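Here's the structure, in structure tokens; my notes come after.
The values are calculated or read from the model by the stated rules, or taken from the named source; none is laboratory data. Keep in mind the model is a prediction, meaning the values are calculated, not measured. Because the Cβ atoms are built from the backbone with ideal geometry, glycine has one as well, and the counts that use them run over all protein chains shown.
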Amino acid sequence: MLLGALISGLTNVAAFTVDELGHSYTGIPGIEGEKVNMHDVGHGKSIGGLTAEEIRARCRQHHMTLVDRIVTRLKGVPEAGGTMFDNTMIFYFPDGGETHHSHGTEFPFIVMAGDNAKLNLGGRYIRLPNYGQEGHKTLGNWYTTLLNAHGNPIEHYGSHDVGLNKFGIDQTGPIKQFLA
């Protein structure tokens, strides 16, 4: 349905959730017959002889196969300036950070963008400075960057992190190295 809505022009934005804490999976390779509650896995429960870490790895692999299917299909749709994927950005925000009840210090995003993206991502792995270090940026800066790149030049999206004040971190504006 997501691809049909995008390709037909019914919408130019789509969001989907592949799992959340209440989601129960079936069909995980190696334990196909088991019903897997992701909240239990988040608390370290082993199921069907697989550790929680292995179950989460297999679920992330499943997520990436879904993303690959979306990208492949969009690359097959001709559109002005190339293909539909060339005019698309896909964001994968994993279901958790460094732990189940995350502190948010390690929360990776995967951003896939076609050739006509309005951001300079350049097919690279980008890691910004850690909390409180010079050049550190927040999620607010990331969303500010997206809005600025797409014609909404705001100074800052969301609330500032008051904990960063003691470090003198400027939290306003987009992340300049990402702007095309």
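For this structure, a couple of remarks:
- Scanning region 7-19 for residues that are under 18 Å from the mean Cα position of the chain (by Cα), among the acidic types (Asp, Glu) and either surrounded by 11 or more Cβ atoms within 10 Å (Cβ to Cβ) or closer than 30 Å to residue 116 by Cα (or both) turns up at least one hit.
- Pairing residues of region 41-63 that are small (Gly, Ala, Ser) with residues that are modelled with pLDDT under 90 and not in a loop (DSSP other than H, G, I, E, B), at Cβ distances under 6 Å and at least 6 apart in sequence or on separate chains, gives 44/52; 52/41.
- Considering residues of region 37-49 that are closer than 14 Å to residue 60 by Cα and out of contact with any helix residue (DSSP H, G or I) (no Cβ under 6 Å at 6 or more places or on another chain) only, the residue surrounded by the fewest Cβ atoms within 10 Å (Cβ to Cβ): 42
- Of all residues in region 46-57, one or more are modelled with pLDDT under 85 and of a type in the set (Lys, Arg).
- Yes/no for residue 32 being surrounded by fewer than 13 Cβ atoms within 10 Å (Cβ to Cβ), part of a loop (DSSP other than H, G, I, E, B) and modelled with pLDDT under 85: no
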